[in-house]
Amino acid sequence: MIHRGPDGSCLPELDPDCPVVPYALQGEGDLQLDGRTAYAATRQPVVDTADSFTVAAVVRLADSEPDRPMTVLSQAGEHTDAFKVRYQPSLHAWQLVMPVKDETGAAETVVSQLAMADGGEGQGHRLAVVYDDAADTIRLYLDGMTGEAGTAGFANGWHSGGPLQVGRGLTADGWGEYLHGDVDEVQAFSGALRDGDIIGLGMGTDPCLCS
């Protein structure tokens, strides 16, 4: 469902009858997902995964100790996701998972960024995925930063024809890894954004994309 932040018509700290409404991650509202069946999806692919692309989102996990992996963004081919951004609670980390082929059980390249689950509090984490086809690299950014653990070589990205999924990904049993949490500021770009552009993603503004 779409959560709307407080409209400012009353102040809970002054009016006991005023309902306490939490603020959205960014702006006036965000997407709340129940971790069971809820998700959002586009009608068609938003990036060409065979070429350079950048996707980003702000996400806040509802649980402080999730009991299973949960996917925030993915775009699928026929048999598997071309890319998947998920939280892996056993490692306390966000992971970018990119299979090398559109085949069930294909080998995967995985990079990660350590982060504790939010537990439904705070302003969440700003995640960004960058695939640079010319440099044959993938990068996962957490709150505008990446590093050795968040970067890997990845050659010959393959084209995925499925829509962008928000809040779920493909598993061996079909759709799964449903996200329990809030998502906002989903952005997608053709091309590999630079570090200076990534820093501003998820802040409620568009990147400069300056030369």
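For region 31-85, the set of residues classified as among the aromatic types (F, W, Y) and closer than 17 Å to S112 by Cα consists of F83 only. The set of residues from region 33-54 being under 29 Å from G191 (Cβ atoms) and β-branched (V, I, T) comprises T42, V46, V47, T49, T54.
Here's the yes/no breakdown for (1) more than 16 Å from G162 (Cβ to Cβ); (2) open to solvent by 10 Å² or more (accessible area, probe 1.4 Å); (3) touching a helix residue (DSSP H, G or I) at 6+ places or on another chain (Cβ under 8 Å):
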| position | (1), (2), (3) |
| --- | --- |
| A57 | yes, no, no |
| A62 | yes, yes, no |
| D67 | yes, yes, no |
| E78 | no, yes, no |
| D81 | no, no, no |
| Y87 | yes, no, no |
| L91 | yes, yes, no |
| L96 | yes, no, yes |
| K101 | no, yes, no |
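The residue of region 26-55 that is least open to solvent (accessible area, probe 1.4 Å), among those that are of a type in the set (G, A, S) and farther than 19 Å from L164 by Cα, is G29. Only one of the numbered conditions (1) within 28 Å of G174 (Cβ to Cβ); (2) modelled with pLDDT of 70 or more is violated by P16, and that is (1). Looking at region 109-211, the strands (runs of 3 or more DSSP E) lying wholly inside it that each contain 2 or more residues that are open to solvent by 40 Å² or more (accessible area, probe 1.4 Å) and under 16 Å from R86 (Cβ atoms) sit at 180-190.
A Cβ distance below 7 Å, combined with a sequence gap of six or more or placement on separate chains, defines the contacts here; from region 144-169, residues that are more than 23 Å from R126 (Cα to Cα) reach residues that are assigned to a strand (DSSP E or B) and not acidic (D, E) in the pairs G157/Y131; W158/A82; S160/Q75; S160/A76; S160/A82; G162/Q75; G162/A76.
The values are calculated or read from the model by the stated rules, or taken from the named source; none is laboratory data. No experiment lies behind these values; they were computed from the predicted model shown. Heads up, the Cβs are rebuilt from the backbone with ideal geometry, glycines too, and the neighbour counts pull from every protein chain shown. In case anyone asks, the SASA skips ligands and DNA or RNA and just uses the protein heavy atoms, side chains included. Shrake-Rupley method; radii C 1.70, N 1.55, O 1.52, S 1.80 Å.
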